[in-house]
Amino acid sequence: MIKTVVTPAEVQQLVREWRRQGIKVALVPTMGNLHAGHLALVKHAQTLGERVIVSIFVNPTQFNRPDDLVNYPRTLDKDMEKLISVGCDAVFTPEASAMYPSGGLATRVTVPGISDILEGEKRPGHFTGVATIVCKLFNLVQPDVALFGQKDFQQLMVIRQMVADLNMPIEIIELPTVRETDGLAMSSRNNYLNAEQRAIAPRLQQTLQATLQRLYAGDYTSYQDLQQWTMDELDSKGFKAEYIEIRRASDLLAPNPEDKDLVLLASAWLGKARLIDNIPFKLP
Ligand code: PAF
């Protein structure tokens with residue numbers, strides 16, 4: 001039987017009891033509208049912890065556009081069915097008033113530097129919202145391990161830095177992006193695509209693959225030109241590319257010639273959906 005806990009006091013009591021029994025706890029933080037990517041995190045969590053708890057909370061402080069917060073899909077009944085089907089132990093579904101008892105003037109957690117570039121530049125305040133809620137969830141659940149998907153590549157780096165900076169005794173595990181059969185990265189925001197846009201959407205990943213093929217073939221003059229080529233390709237297919245960047249995988253800064261571990265990061269609008277994707281890669 002899955003346990004549902006709603007208040008901070010309930011979740012604290014549940015995990016206190018688990019810890020008293022020496023049970024290892026794994027947390028999968030989500031905003032609900034669960035898809036196969038989330039369920040892959042839960043299944044992997046089951047191999048790492050003796051109890052798995054999923055949090056479902058559409059966190060208002062990480063939305064920089066009010067319409068995105070209002071339209072964000074909320075599908076709790078279906079989410080519960082999916083969590084039951086994979087044998088998840090508990091789900092935490094708090095109210096906003098409980099997570100933010102002081103309202104708008106609440107304490108915030110800001111991870112400097114990494115939060116200000118790329119996604120952070122396009123979505124001001126987003127990563128402070130993410131770091132704040134993940135910190136609160138970590139404080140309440142005190143998990144041994146927490147799992148996140150690589151689709152939100154920069155989010156993972158923000159969370160890792162917060163955990164290191166605040167000396168949190170929590171292991172962060174990342175799992176590869178789960179994709180639809182046509183290559184589109186799974187995301188709740190794919191729900192915003194109409195049928196025509198949904199048919200175009202896999203071209204984001206295909207175009208990123210084509211970019212890497214050009215890069216490996218040496219078929220470019222500079223990263224700048226290659227990034228611009230990718231943006232133009234996407235725009236010609238019906239996207240509005242927001243950024244395409246080749247960055248150092250370790251800190252997302254511009255790579256030096258000797259850097260080998262890189263990542264190609266993309267953000268592109270398709271209709272009302274803002275899609276992000278990335279491909280980590282190694283230079284020979
Ligand atoms: O990746 C998400 O779904 C959210 O950003 C997270 C980590 C659950 C925080 O609200």
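The values are calculated or read from the model by the stated rules, or taken from the named source; none is laboratory data. Worth saying up front: this structure is predicted, and the values here are computed from it rather than measured. Every residue, glycine among them, receives a Cβ derived from its backbone with ideal geometry; neighbour counts consider all protein chains shown.
With respect to the conditions (1) among the polar types (S, T, N, Q); (2) more than 16 Å from the ligand (Cβ to nearest atom); (3) at negative phi, residue 142 lacks only one, and its number is (3).
Being buried (at least 22 other Cβ atoms within 10 Å of the Cβ), closer than 22 Å to residue 34 by Cβ and aromatic (Phe, Trp, Tyr) is a property that residue 127 lacks. Restricting the first member to the range 233-249 and to residues that are within 12 Å of residue 122 (Cβ to Cβ) and at pLDDT 95 or above, and the second to residues that are part of a strand (DSSP E or B) and not aliphatic (A, V, I, L, M), the beta-carbon pairs closer than 6 Å and six or more apart or on different chains are 242/267; 243/267.
Residues in the range 1-23 that are in contact (Cβ under 8 Å) with a residue 12 or more places away in the chain and not charged (D, E, K, R): 2, 4, 5, 6, 7, 8, 11, 12, 14, 15, 18, 23. Just so you know, in the range 87-108 the residues that are among the aliphatic types (A, V, I, L, M) and crowded, with 19+ Cβ neighbours inside 10 Å include one that is nearest to residue 35 (Cα to Cα), and it is 91.
Yes/no per residue for (1) on the phi < 0 side of the Ramachandran plot; (2) outside any strand (DSSP E or B); (3) within 12 Å of the ligand (Cβ to nearest atom):
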site: 97; (1), (2), (3): yes, yes, no
site: 111; (1), (2), (3): yes, yes, no
site: 115; (1), (2), (3): yes, yes, no
site: 124; (1), (2), (3): yes, yes, no
site: 127; (1), (2), (3): yes, yes, yes
site: 130; (1), (2), (3): yes, yes, yes
site: 147; (1), (2), (3): yes, no, yes
site: 162; (1), (2), (3): yes, yes, yes
site: 181; (1), (2), (3): yes, yes, no
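Only one entry in 30, 47 is modelled with pLDDT of 95 or more, closer than 23 Å to residue 150 by Cα and buried (at least 18 other Cβ atoms within 10 Å of the Cβ), namely 30.
Scanning the range 150-160 for residues that are within 12 Å of the ligand (Cβ to nearest atom) and closer than 17 Å to residue 137 by Cβ returns 152, 155, 156, 158, 159. Scanning the range 237-274 for residues that are outside any loop (DSSP other than H, G, I, E, B), small (Gly, Ala, Ser) and under 24 Å from residue 162 (Cβ atoms) gives a single hit, 267. On the stretch given as the range 183-236, residues that are away from the ligand (no atom under 16 Å from the Cβ), outside any helix (DSSP H, G or I) and within 23 Å of residue 40 (Cα to Cα) total 4. Scanning the range 83-91 turns up one or more residues that are touching a residue at least 12 places away in the same chain (Cβ under 8 Å), assigned to a helix (DSSP H, G or I) and either of a type in the set (Asp, Glu) or more than 19 Å from residue 139 (Cβ to Cβ) (or both). Against the definition (within 21 Å of residue 38 (Cα to Cα) and either touching a Lys or Arg at 6+ places or on another chain (Cβ under 6 Å) or assigned to a loop (DSSP other than H, G, I, E, B) (or both)), how does residue 151 come out, yes or no? Spelling it out, residue 151 is indeed within 21 Å of residue 38 (Cα to Cα) and either touching a Lys or Arg at 6+ places or on another chain (Cβ under 6 Å) or assigned to a loop (DSSP other than H, G, I, E, B) (or both).
Those residues that are surrounded by 12 or more Cβ atoms within 10 Å (Cβ to Cβ) and either of a type in the set (A, V, I, L, M) or under 17 Å from residue 267 (Cα atoms) (or both), I need them from the range 210-222; list them, please. Correct list: 210, 211, 212, 215.
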